[in-house]
Amino acid sequence: MSGLRELYQEVIIDHNKCPRNFCKLSGHSHYAEGLNPLCGDRISLYLDIQQDKIERVSFEGSGCAISTASASLMTEMLKGKDVEEAKKLFSVFHALLTGQEASDEGDDIGKLQVLAGVKEYPARVKCATLAWHALMDAMSGAETHG
Amino acid sequence: MLFDVEKIRQDFPILHQHVQGKPLVYFDNAATTQKPACVIEALQHYYACDNANVHRGVHTLSERSTKSYENALKTTQHFLGAGSEKEIIFTKGTTEGINLVAYCLAKNYLKEGDEILVSCLEHHANIVPWQLACEQTGCRLKVIPINDQGEILQEEYEKLLSSKTKVVAIAHVSNALGTINPIEKMIALAHQVGAICVIDGAQAVAHQKINVQTLDCDFYVFSGHKTLGPTGIGVLYGKYDLLKKMPPYQGGGDMIREVSFEKTTYNDLPYKFEAGTPPISAAIGLAVALHYLESIGLAAIAEYEQILLDYMLVQLAKMPEIKLIGQAKHRGAIVSFLYEGVHAHDVGSILDHEGVAIRNGHHCAMPLMKRLGVSATSRASLAFYNTQEEIDQFIRALKKVKEVFN
């Protein structure tokens, strides 16, 4: 059970049960879909970016506890960040999950630390990064009003 | 009849290990089966003693290798009840077998306005090659619907059949739900309108006795690795007259009779479809696997697996949090299910932690998942070396899911 608790920490279970910012965002400026073709998990990510700052962010979709919690935590973390900060958060988070040394700038990834256990389950890393790849796609894409 | 599963388990070295500190329970047999020691030893023996290319040299090793390879063709022929070894083509697997048939039929048989029927239950490997054939020829793909239990609607099938139907491609056993389709009847109906019937036997061959002549199918395909054999080999059975009319699939060595820059003539069946060095060791390993299955007895295997399936279904029925997906009357030992409130991936990780290997996802059957209104299921698939005690461990592991997701 101990190993499983590393993977399924209370915060993850909580965010899976009650995902934050789980809705379609009206008036969003950026949008992307994340799809994991291996398992069929699908997520829609909405961003409202004004003057390079993420004012609002939300997501919809269906996925496992890891991908849902990761997306939910991501939306909490992103609000108020500028695009560069969001990209940096992505790379720090990615490094955490793939077992690479995080950069030594004292990056604070806050609550995202609860997902660190995923690195022991390589098959699940894609679940945890699904929303984040959608984030990168959305930010790099042209503005959309879909 | 006494089925000595403990004795059988001794033949499978991989089963005797612990995973995550628990005895391994391997319930992912629909993805691939485990290999008995005799198959592993045959591969080892081949490379240690007989390795040489086939149909090439006159030296001793080449003759040994060629003889073993040709014997593997004969073994496969007898295993399937085919009339001739010329009707047995070794491929890379089920997927390549279906692609071969679809490609060749698209080349000189299918034309615009023709129709290909597949069922809603199919694996992507029995959908996409036909879509490619449609793109090439302008023929149309039509889907035979299923009911909520996961059974093909036979009356709808009959309605779809017409003189336009040129190919009917269906799974013998559904990889996602375990449904055993009434293929003998479906083949006969397809033949009434003159259609060619292609059967995806990937989930059937290691679990029940197959006789392609009794079935009267035109093509039957399966994979070696789902049949206790090595990966990298599959079998395509085709009726001689059809194979003879079909153009080659790939060009290269072994498939030719004579090559010149002006004109090339092709080898006899089955070699016409085997360009390049074939999977020699895998064919030899597969033949040993087929002999092994016969020594246990396919009828005994089917009977024992049905007992395991019934036991598993009874145990799962006691768990209200489990919802079975697919409840066909006639089914093999494949059980797809949802765990209330928990995604299949999470179920899979928790079960792995308890030593239990199952598959979680869409099972390469996305149209079927869509029809059933689910994005992913958990799937436990059994083989004759599994036991009731393992099912008990599986059920205990499922109960852990609740503890984690309380």
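The values are calculated or read from the model by the stated rules, or taken from the named source; none is laboratory data. Treat the numbers as computed from the prediction; the structure is a model and nothing was measured. Reconstructed Cβ throughout: ideal geometry from the backbone, glycine too, with neighbour counts over all protein chains shown. All accessible areas refer to the heavy atoms of the entire protein, side chains included, with ligands and DNA or RNA removed. Shrake-Rupley method; radii C 1.70, N 1.55, O 1.52, S 1.80 Å.
Among the residues of region A:19-26, are any free of Cβ contacts under 8 Å to residues at least 40 places away in the same chain, within 14 Å of chain B (Cβ to nearest Cβ) and over 12 Å from the mean Cα position of the chain (by Cα)? No - not one qualifying residue is present in region A:19-26. Against the condition in the same structural domain as residue B:228 (by TED's automatic domain parsing), out of contact with any Lys or Arg (no Cβ under 8 Å at 6 or more places or on another chain) and either hydroxyl-bearing (Ser, Thr, Tyr) or in contact (Cβ under 8 Å) with a residue 60 or more places away in the chain (or both), how does residue B:57 come out, does it pass? When the stated conditions are applied, residue B:57 does not pass them.
Looking only at region B:309-355, residues that are small (Gly, Ala, Ser) and either assigned to a helix (DSSP H, G or I) or within 14 Å of chain A (Cβ to nearest Cβ) (or both) come to 7 in all. For region B:349-361, residues that are open to solvent by 10 Å² or more (accessible area, probe 1.4 Å) and in contact (Cβ under 8 Å) with a residue 24 or more places away in the chain total 6. Counting only strands (runs of 3 or more DSSP E) that fall entirely inside region A:2-86 and contain at least 3 residues that are open to solvent by less than 60 Å² (accessible area, probe 1.4 Å) and among the hydroxyl-bearing types (Ser, Thr, Tyr), no element qualifies.
Each residue in region B:6-31 was checked for being under 21 Å from the mean Cα position of the chain (by Cα) and surrounded by 20 or more Cβ atoms within 10 Å (Cβ to Cβ), and 5 pass. Taking (1) more than 11 Å from chain B (Cβ to nearest Cβ); (2) acidic (Asp, Glu); (3) within 30 Å of residue B:368 (Cβ to Cβ) in turn, residue A:41 satisfies each apart from (1). Here residue B:297 meets each of (1) within 14 Å of chain A (Cβ to nearest Cβ); (2) at positive phi; (3) open to solvent by 10 Å² or more (accessible area, probe 1.4 Å); (4) not basic (Lys, Arg) with one exception, condition (1). In this structure, residue B:403 does not qualify as in a helix (DSSP H, G or I) and away from every other protein chain (no Cβ under 12 Å).
Here is a yes/no grid of residues against (1) in contact with a strand residue (DSSP E or B) (Cβ under 6 Å, 6 or more places away or on another chain); (2) assigned to a helix (DSSP H, G or I); (3) more than 18 Å from residue B:71 (Cα to Cα); (4) free of Cβ contacts under 8 Å to residues at least 40 places away in the same chain:
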{"position": "B:251", "(1), (2), (3), (4)": "no, no, yes, yes"}
{"position": "B:268", "(1), (2), (3), (4)": "no, no, no, no"}
{"position": "B:278", "(1), (2), (3), (4)": "yes, no, no, no"}
{"position": "B:287", "(1), (2), (3), (4)": "no, yes, no, no"}
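Within region B:49-57, is there a residue that is farther than 23 Å from residue B:205 by Cβ, open to solvent by less than 40 Å² (accessible area, probe 1.4 Å) and of a type in the set (A, V, I, L, M, F, W, C)? Looking through region B:49-57, at least one residue is farther than 23 Å from residue B:205 by Cβ, open to solvent by less than 40 Å² (accessible area, probe 1.4 Å) and of a type in the set (A, V, I, L, M, F, W, C).
Taking residues in region B:127-148 that are of a type outside the set (A, V, I, L, M, F, W, C), and partners anywhere that are assigned to a helix (DSSP H, G or I) and at pLDDT 95 or above, the pairs with Cβ atoms closer than 7 Å and at least 6 places apart or on different chains are B:129/B:98; B:129/B:99; B:129/B:102; B:136/B:106; B:137/B:106; B:140/B:134; B:142/B:160; B:145/B:156.
Taking the criterion of being more than 13 Å from chain B (Cβ to nearest Cβ) and over 18 Å from residue A:115 (Cα atoms), the residues of region A:61-85 that qualify are A:79, A:80, A:81, A:82, A:83, A:84, A:85. Put simply, of B:32, B:76 the only residue that is assigned to a helix (DSSP H, G or I) and either in contact (Cβ under 8 Å) with a residue 40 or more places away in the chain or touching a Pro at 6+ places or on another chain (Cβ under 7 Å) (or both) is B:76. Applying the criterion of at least 3 residues that are open to solvent by 40 Å² or more (accessible area, probe 1.4 Å) to the strands (runs of 3 or more DSSP E) found wholly in region B:88-194 leaves B:140-144.
Within the set B:380, B:397, the sole residue that is in a helix (DSSP H, G or I) and touching a helix residue (DSSP H, G or I) at 6+ places or on another chain (Cβ under 7 Å) turns out to be B:397.
Considering the conditions (1) within 14 Å of another protein chain (Cβ to nearest Cβ); (2) open to solvent by less than 40 Å² (accessible area, probe 1.4 Å); (3) in a strand (DSSP E or B), residue B:369 is excluded by exactly one of them, (3).
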